[in-house]
Amino acid sequence: MNGKAIFETDETDFSIFIKSAYEALHIDYSKFFKMDNLSKLAFMIADVLLKEDTEKDVALVLSNKASSLDTDRKHQQSISDSTNFYPSPSVFVYTLPNICLGEISIKHGLHSENAFLVFDKFNPSFMKDYTNSLLKEGNAKKVLCGWVNFDNGKYDAFLYVVANKGTFAHTTEELTRLYQTI
């Protein structure tokens with residue numbers, strides 16, 4: 001966070017990594033272990049970024065490449081599994097990528113604009129323009145935005161908070177540079 005490691009591990013298996021991070025970062029949210037992997041990843045990073053922030057007018061704008069495809073496959077498997085009479089409702093609830101935005105909003109008491117967008121790759125130009133528009137139009141005082149992708153056990157995330165005044169310039173070039181450093 002801001003160039004400093006807040007959690008480090010050599011573990012690459014997502015389930016072990018995310019549980020270790022949850023414990024090391026002292027996150028307390030009883031529904032965390034019921035979430036799908038995309039939501040866990042987005043929630044974890046958002047919690048770190050918003051933990052000390054008292055602002056409630058924070059819009060959420062996340063993007064990825066796979067949407068909720070990883071969870072969609074699990075849901076399809078639960079339908080196809082001949083031992084189940086009904087698909088799993090606990091999996092079905094996460095078959096939309098914007099559910100992770102809801103989990104973040106609930107935890108942090110946000111009642112703000114939100115969007116989950118799907119691109120082939122991280123799109124810093126779009127994120128800059130969309131986020132700047134939200135701030136300029138007064139639709140939010142801050143925006144938590146970025147990229148959070150989970151598919152077939154592979155994961156990639158880059159989230160950041162934008163406000164009218166901040167540490168880094170909110171430009172396409174700066175977002176590209178920061179994303180490439182992860």
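The values are calculated or read from the model by the stated rules, or taken from the named source; none is laboratory data. In this text, all values refer to a predicted model and were calculated from it rather than measured experimentally. Cβ placement follows ideal geometry from the backbone for every residue including glycine, while neighbour counts extend to all protein chains displayed. Each accessible area value is taken on the protein alone, full model and side chains, heavy atoms only, with ligands, DNA and RNA left out. Shrake-Rupley method; radii C 1.70, N 1.55, O 1.52, S 1.80 Å.
Measuring with a 1.4 angstrom probe and ignoring ligands and nucleic acids, THR181 comes out at about 100 Å² accessible. To one decimal place, what orientation-averaged projected area in nm² is obtained for the convex hull of the Cα set of the chain? For the chain, the mean projected area of the Cα convex hull comes to 10.9 nm².
Normalised by the number of residues in the chain, what is the relative contact order in percent for Cα pairs under 8 Å and 6+ residues apart?
On the way: 248 pairs, mean separation 47.7, N = 182.
After rounding, I find 26 percent.
Full extension of the chain between TYR86 and LYS154 yields a length gain of 21.6 nm, computed as 0.36 nm times the residue separation minus the alpha carbon distance.
Sorting the segments 3-11, 46-54 by their mean number of nearby beta carbons within 10 angstrom, highest to lowest, gives 46-54, 3-11.
What ranking do 150-162, 113-125 get when scored by the average of other Cβ atoms within 10 Å per residue, highest first?
On the way: 150-162: 18.2, 113-125: 15.4.
Order by mean packing, descending: 150-162, 113-125.
Dipole magnitude of the chain about its Cα centre, charges +1 at Lys/Arg Cβ and -1 at Asp/Glu Cβ only, in debye to the nearest 20? Intermediate values should be presented prior to the final figure.
Working: 19 positive and 24 negative charges, 58 e Å.
In debye, rounded to 20, the chain gives about 280.
Here each label is just a point 7 Å from Cα along the line to Cβ, and for LYS56 and ILE6 those points are 2.2 nm apart.
Using a ≥ b ≥ c from the Cα gyration tensor of the range 95-161 (square roots of the eigenvalues), is it rounded, prolate or oblate, where a/c under 1.5 gives rounded and otherwise the larger of a/b and b/c decides, a/b for prolate?
Values: a/c = 2.23, a/b = 1.27, b/c = 1.76.
Note, shape of the range 95-161 comes out oblate.
What's the carbon and sulfur percent of the chain's accessible surface, probe 1.4 angstrom, rounded to a whole number? Looking at the chain in its full context, I get 52 percent from C and S. Spatially, the range 53-71 and the range 96-144 are offset by 6 Å when compared through their Cα centroids. Ligands, DNA and RNA are left out, and with a 1.4 angstrom probe the accessible area of the chain is 58 Å² per residue.
Which entries in LYS19/LYS51; LYS19/LYS121; LYS74/LYS107; LYS56/LYS136 show an alpha-carbon gap greater than 23 Å? Walk me through the numbers before you get to the answer.
Working: LYS19/LYS51 18 Å; LYS19/LYS121 27 Å; LYS74/LYS107 25 Å; LYS56/LYS136 17 Å.
Over 23 Å apart, Cα to Cα: LYS19/LYS121; LYS74/LYS107.
Cross-link partners for LYS128 among the aspartates and glutamates, with Cα-Cα distance under 17 Å and sequence neighbours closer than 8 places in the same chain left out: GLU113, ASP120, GLU137, GLU173, GLU174. With both residues required to sit in the chain, DSSP beta bridges show an antiparallel share near 50%.
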